[in-house]
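Some notes on the structure that comes next.
FYI, it's all coordinate maths here, none of it is from the lab. All values derive from a computational prediction rather than experimental measurement. Cβ: placed from backbone, ideal geometry, glycine included. Neighbour counts: every protein chain shown.
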Amino acid sequence: MARKLRILIAKPGLDGHDRGAKVVARALRDAGFEVIYTGLHQTPEMIAEAAIQEDVDAVGLSILSGAHMTLFPEVMRLLREKGAGDILVFGGGIIPKEDMEALYKMGCGRLFGPGTPTQEIIDYLREKFPDRT
Amino acid sequence: MNEYEEIRREKARWERCVDKGDIGSFQTVSGLPVEILYTPLDLTNFDYLRDLGFPGEYPFTRGIRHNMYRGRLWTMRQFSGFGTARDTNARYKFLLAHGETGLSVAFDFPTLYGRDSDDPMAMGEVGKCGVAISSLEDMETLFEGIPLGEVSTSMTINGPAAVLWAFYIVTAEKQGVPSERLRGTIQNDILKEYIAQKSWLFPPEPSLRIITDIMAFGAEHVPKWNTISISGYHIREAGSTAAQELAFTLKDGMTYVEAGIKAGLDVDTFAPRLSFFFNSHLDFFEEIAKFRAARRIWAREMREKFKARKPESWLLRFHTQTAGCTLTAQQPENNIVRTAFQALAAVLGGTQSLHTNSMDETWALPTEKAVLIALRTQQLIAEETGVINVIDPLGGSYYVEALTNQLEQQAYEYFKKIDALGGMVKAIEQGYPQREIAEAAYRYQKAVDEGRRTVVGVNKYVLEGEKLEIPILKIDPRVEEEQRERLARLRQRRDNARVQKVLLDLKAACAGKENVMYPILEAVRAYATLGEICGAMKEVFGTYAEPPMF
């Protein structure tokens, strides 16, 4: 039987804006995915560790503080370093287009800005993981 | 009674002429059902003198001053900060040169959490969503060439508010300005940090103790300073309804008043320095009603429940910021218009100061051009529209009065629920307001996703293949490195033995009963850094973490 899609929603760094992370976590859960939310103030190390321990398919990072160019690459690097480079890192927040392009080039998954319907995120994840339910 | 009978009959007749579909289910942004028409029937218990009275007089529903904006306009105060203290200093001078009338400091996340720029948790965050201030030296740079005796400054700082305030007081001292002359505000509202903004340092109990220390110090040495700005803004941004914003904010305020009284302060010594900070969201009339209800509730509670005797203790003075969460990344120029409506609601609601958001803030911190348009929006309202000529021009509107009553009633229902949980601190510890807000946020998102709520440019009137055509501010990536280097030099240059001594004194004060402001000021004068001072306090007070929930 196909396994359920498992997602870690994480808030890296000191950013306290958690409205988006919580709304997305809830929407993904309502869509039938297994969702783990880290809570606030996580270091990239803590997030990579949790992603591996929880055996997730993808990590969604929510960053509205402008620290995305540091924190996205760092989480991706740590996952690779720990042999979990296959875990998809995607995310959302206040991220200028130019930075989005740069992060895509580094292998980051889709980044969703303000105004994204939650269905778009659900569809994206279903498409990325067709063998999961 | 006859008069109402006749109106009731006439209204029933008129309703038969209205299409049923029009009567249907219309709601405010917060989900409050609204009628198609309001009449005297909605205000049958209305008593002008009891419910409204006159501006500048109890219960202050119509405004807190006798002459309102004819006497003095609201303060135009743009929340701003980015990069280094030097970058932000230049932005302040730019804003003041273009007619801004007060300053408002946005700190970066490390500063908001009482951490230095070289703290490992600060990685990637330095100067990004505000200005990095790690020491007195940074604060001196921030206000270089800005005479602190002449400007009023608001600082959005909570967990480490005592320290940043001390930086400001000592900076003024060095400019030759005594603390008695300083005007401004520290946010210093820790309860809403646990509820919504999440930049706390210590657990609730020691946090309340620091706040009462600040209130006592302010009453004695900085009498023109607002020692707390009880904030609904972040509660609303986190997704609450208007009624939740109103209720949770006022309940937080009452909790501080209780803490002050419990600490042995006379309510009339500190209550006049309490100020408020609200959001101005999309629903024009609901927002105006919220501001009016807030004033009336506060006046009543302060006079009747807390037995304040000075009229200044009764009045609710507030700052407003337009709703950042309503701005769209799509067709960002539309945000100028959204912000203008929200700003107008704040003015019609009688705000004392106002921040208007810039169109580009869903992408980054605002550019000079974007912030100038935001400031001009306020100047247009003040000097072109004529709305300032008359006080509370919507007073007496059947709709606005009914809505004001309704919001007031909803707030009292929340007060009751919170009291049943054992008060606000207990309610927060049980996650009650947090859950209420998360629920409301999810409901709102669902309504938008399902197209039941229109967001222009997002789920309706979408531009296919839209390209972003406005410039975006970039923070120099060298800011973090420069800031670290500057801190390293400071740590070398200062008298480190003295720093150690003052930090020990501070810890002793935290463990005992002495007002912590005095040893914090000594530590600041010795150039102890923000992180060092907060670190010392954490050793005594401990830290706080919330259980993750969604």
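Quick one: if the Förster radius is 35 Å, what FRET efficiency do residue B:525 and residue B:50 give, using the C-beta to C-beta distance and rounding to 0.05?
0.10
Based on alpha-carbon atoms only, what is the radius of gyration of region B:172-269 relative to the globular estimate 2.2 N^0.38 Å?
1.16
Please compute the Kirkwood hydrodynamic radius over region B:125-180, one decimal place, Å, based on all pairs of different Cα atoms.
The Cα-based Kirkwood calculation yields 11.9 Å.
Under a straight-distance cross-link criterion of Cα-Cα below 22 Å, which lysines are reachable from residue B:11, leaving out those fewer than 8 residues away in the same chain?
Answer for residue B:11, where 22 Å is the Cα cut-off: B:20, listed by chain and number.
Taking the alpha-carbon distance from residue B:310 and a cut-off under 19 Å, which aspartates and glutamates remain once sequence neighbours fewer than 8 residues away in the same chain are dropped?
Leaving aside aspartates and glutamates fewer than 8 places away in the same chain, those within reach of residue B:310 are B:57, B:220, B:258, B:266, B:268, B:301.
Ignoring everything except DSSP H segments at least 4 long, calculate the 222 nm mean residue ellipticity for the protein assembly as shown; use -39,500 (n - 2.57) per segment, divide by total residues, nearest 500.
So the calculated ellipticity at 222 nm is -14000 deg cm²/dmol.
Just the ratio, please: alpha-carbon radius of gyration of region B:93-197 over 2.2 N^0.38 Å, N its number of residues.
1.08
Just to be sure I understand the curve: with the Debye formula and one point per C-alpha of region B:332-479, what is log10 I(q)/I(0) at q = 0.15, 0.16 Å⁻¹?
One equal scatterer on each Cα of region B:332-479 leads to -1.16, -1.21.
Counting each pair of different Cα atoms once, what's the Kirkwood radius of region B:306-400 in Å, rounded to one decimal?
Hydrodynamic radius (Kirkwood, Cα pairs) of region B:306-400 is 14.9 Å.
One quarter of the convex hull surface, Cα atoms only: what value does that give for region B:1-63 in nm²?
That works out to 6.0 nm².
Please list, or write none, the lysines whose alpha carbon is within less than 20 Å of the alpha carbon of residue B:507, excluding same-chain residues fewer than 8 places away.
Residue B:507 reaches B:538.
Using alpha-carbon positions, what is the distance between the centroids of region B:43-110 and region B:247-285, in Å?
16
Taking region B:188-227 as the region of interest, what is the percent of Cα-Cα pairs per 5 angstrom bin, listed from the shortest bin to the one with the maximum distance?
Here the calculated profile for region B:188-227 is 6, 25, 24, 19, 15, 9, 1.
Taking R0 as 60 Å, what's the FRET efficiency between residue B:310 and residue B:20 from their Cβ-Cβ distance, rounded to 0.05?
Computed FRET efficiency for residue B:310 and residue B:20: 0.65.
Take residue B:490 and residue B:390, extend 7 Å from each Cα along the Cα→Cβ direction, and tell me the distance between the two endpoints in nm.
My value for the distance between the label points is 5.3 nm.
Cβ under 15 Å from residue A:3's Cβ, residue A:3 left aside: what net charge do those residues give with Lys, Arg +1 and Asp, Glu -1?
Once all neighbours under 15 Å are counted, the net charge is -1.
Using the scaling law 2.2 N^0.38 Å as the reference, what is the normalised Cα Rg of region A:1-118?
Ratio of Cα Rg to 2.2 N^0.38 Å: 0.97.
If you wrap region B:48-429's Cα atoms in a convex hull and average its projection over all directions, what's the area in nm²?
The Cα convex hull of region B:48-429, projected and averaged over all directions, gives 17.5 nm².
Exposure proxy check: B:116, B:189, B:108 ranked by fewest other beta carbons within 10 Å?
Ordered by Cβ neighbours within 10 Å, fewest first: B:116, B:189, B:108.
For the protein assembly as shown, what percent of Cα pairs sit more than 49 Å apart?
When all Cα pairs of the protein assembly as shown are counted, 13 percent exceed 49 Å.
With label points built 7 Å along Cα→Cβ from the Cα atoms of residue B:39 and residue B:419, find their separation and express it in nm.
Label at residue B:39, label at residue B:419, 3.6 nm between them.
Could you size up the charge dipole of the protein assembly as shown around its Cα centre, putting +1 on the beta carbon of Lys and Arg and -1 on that of Asp and Glu, and report it in debye to the nearest 20?
That gives a dipole near 740 debye.
Give me the net charge of residue B:470's neighbourhood, meaning all other residues with Cβ under 9 Å from the Cβ of residue B:470; Lys, Arg count +1, Asp, Glu -1.
That sum, taken over residues with Cβ under 9 Å, equals -2.
Considering only Cα-Cα distances, which of the following residue pairs are longer than 28 Å: A:4/B:460; B:128/B:262; A:128/B:446; B:305/B:446; B:198/B:460?
A:4/B:460; B:128/B:262; B:305/B:446; B:198/B:460
Starting with the fewest neighbours, write out B:290, B:307 ranked by other beta-carbon atoms found within 10 Å of each beta-carbon.
So the residues, fewest neighbours to most, are B:307, B:290.
How many nm separate the modelled label positions at residue B:507 and residue B:383, each set 7 Å beyond the Cα in the direction of the Cβ?
5.6
Which of the GluC sites (Glu not before Pro) across region B:371-406 are loop residues per DSSP, with 11 or fewer other Cβ within 10 Å?
Listed in order of number, the matching sites are B:384.
Let me spell out the model: positive unit charges on the Cβ of Lys and Arg, negative unit charges on the Cβ of Asp and Glu, origin at the Cα centre of region B:390-502. What dipole size does that give, in debye rounded to 20?
That gives a dipole near 860 debye.
What list do you get for B:266, B:51, B:360 if you sort them by fewest beta carbons within 10 Å?
The fewest-first ordering by Cβ neighbours comes to B:266, B:51, B:360.
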